[in-house]
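Please read the structure below before turning to the comments.
Laboratory data are not the source of any read-out in this text; all were calculated from the coordinates shown. Here the structure is a predicted model, which means the values were calculated and not measured. Here Cβ is always computed from backbone atoms with ideal geometry, including for glycine, and neighbour counts include all displayed protein chains.
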Amino acid sequence: MTSLPNANRSGLPVPLIRVAGTPAECGFGYGATAREVIIANLELYLRRFRDAAGLDPATVRRYGLAFRAATATHHPRVAQMLDGVAEGADVPAADLYALNARTELIYGARPDGAAGGCTSVGVLGTHTANGHLLLGQNWDWHPDQREAMVLLATRDERGHSVLTLTEAGMLAKAGLNSAGLGVCVNMLGCDRDALPVLAGERGAGVPYHVLLRAALEAPHLSAALKRVCAGGRNSSINLLLGQAAEAGGELIDLELVPGDAGWLHPVDGMITHANHLETALPVHDVMKQLSGSSLFRSARARRLLRPAAATGRLTERDLAAVFHDHASYPQAICRHVDPADAPAERSETVYSVLLDLDDRRFGLAAGPPCGHRYTWLDLDLVAGRAEGRDQVAAASPNA
C-alpha cells in the first residue's frame, strides 16, 4: 500500500492512494491511509445532511445501515471493501455507508433541490484520430469538496485494477479499469426520487456511488450493465459507459431512475449528456422546472465536437476544449461559482476527467479546467502492474 500525500509534488491536484489485495484488504488500506480526509469528509456531509435535508446524525446512521444491507445483498464485494474502509479509518460503518448514499440522503428529502451540474462526453474509436474510445466529463459540485478528494487505484486478488477519482470515503466516481471499461456520471432528478422507508416494502436500494464502483468492478460492458440495473434505486443517476475499441468498442448511456431505465446509443459516433432526461421514461423530470444550463450543455458539446468527429480525427484536445467552454458563463460547461447563488448552493467544475480506454490512461485537471492542465496517469503503472517507470505523465498544455 502506497500513497502520495503531497499531491502537488507528483503533479497531481489530489492525493493518489494505491492499494492491493482482497476487497476487505483494499478497503482497509484505503481507510487507514486516507483516515484524516475521510473523517473530514464525513463531518462535511453530516453538516450537509442536517442543513440541506434536516437529518440528525442518529437518523443518518439508520439510513446508513439500510444502505449497507442493500449493498451487501446486491454487491457483496463492494460491501466488503466499504466495511474495510470503515475499519481502516476507524469510523462507524453506518456513517460511511451514509456518505456513499449522500445523493439519496440530500436530494431524497427534497428532490426539487437538485442542482444541475456535470457534462459527460463519449466518442467511439471510429471517430478518433488514434482509434481509441475516449470518455470525459466535468464534475460540478460544491467548491468546498475540492479538499476532500482522492484518486484511488486498486488491484484485487484476481488482478483486476481500477483507477477512479472519488470523494474521500467513497469508492468511485469517474474512472476506468484494466478491462478497458470506463464510466462517467451525471446527476438526474425525477419525481420518484425519495428517501427509503426503513420499515415496510419500500426499503433502501443500491446507493448511487455504489453503482459506480459496481460498474468499474465488471470485466466487460455487458456485466457492468447488469450490475448497475440490479437492486433497485432511491435516486436517479446517469451513467455513460464505454468499452475499449480493442474489445470491440462500444458506448452506451444509461438513465436510471427508481424502478426504470432508459438508454441512448451513439449518434455520429458520440454521446453527450448533462442533467436532464433525454429518453422517454414515464417520470417527471424535476430538472425541467429548475431549467438552467443543463438544457443546452449536452447539445452544445455535440455541436462543438461534430466537425472533428466527422473527419475521424477527434483527439483528447478536442474534448478538453469542450470542457473549457464558457457559453452562458458562469453556468457553462466549464462552470464557475455564481456569486448570486446562496453559499450552500454554489457549484463549480471541481475537477475535469479525460479517459483513454484503450491505453488505460486517466487525465485529471483541477477545476475550473479553463485555468489548469491535465495530468495523465497510466493505470497499469499506478495499480502496480509494472515497475521502473514514472507513475505520472507530464502535463499537457491543453489535454
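Neighbour counts of other Cβ atoms within 10 Å put I333, I17, I39 in the fewest-to-most order I39, I17, I333. Region 198-259 and region 128-188 have their alpha-carbon centroids 14 Å apart. Computed over the chain with a Gaussian network model linking Cα atoms closer than 10 Å, the most mobile of A58, A89, A168 is A58. Across the chain, C-alpha contacts under 8 Å between residues 6 or more apart give a mean separation that, scaled by the residue count, equals a relative contact order of 18 percent.
Taking GluC sites (Glu not before Pro) in DSSP loop conformation with at most 10 other Cβ atoms inside 10 Å as exposed sites, the chain has its longest uninterrupted site-free stretch at 1-200. A cut-off under 14 angstrom between Cβ atoms defines the neighbours of D140, and their net charge, with Lys, Arg +1 and Asp, Glu -1, is -2. In this structure, S328 and E147 have a Cβ-Cβ separation that, at R0 = 35 Å, corresponds to a calculated FRET efficiency of about 0.80. Considering only the other residues whose Cβ falls under 15 Å of the Cβ of A301, what net charge follows from Lys and Arg at +1 and Asp and Glu at -1? After counting each charged neighbour, the total is 0.
Here is the list for region 288-346: trypsin sites (Lys or Arg not before Pro) lying in DSSP coil, each with at most 14 other C-beta atoms within 10 angstrom of its C-beta, are R313.
Based on the Stokes-Einstein relation at 20 °C and a viscosity of 1.002 mPa s, and on the Kirkwood radius from alpha carbon pairs, region 115-382 is assigned a translational diffusion coefficient of 116 µm²/s.
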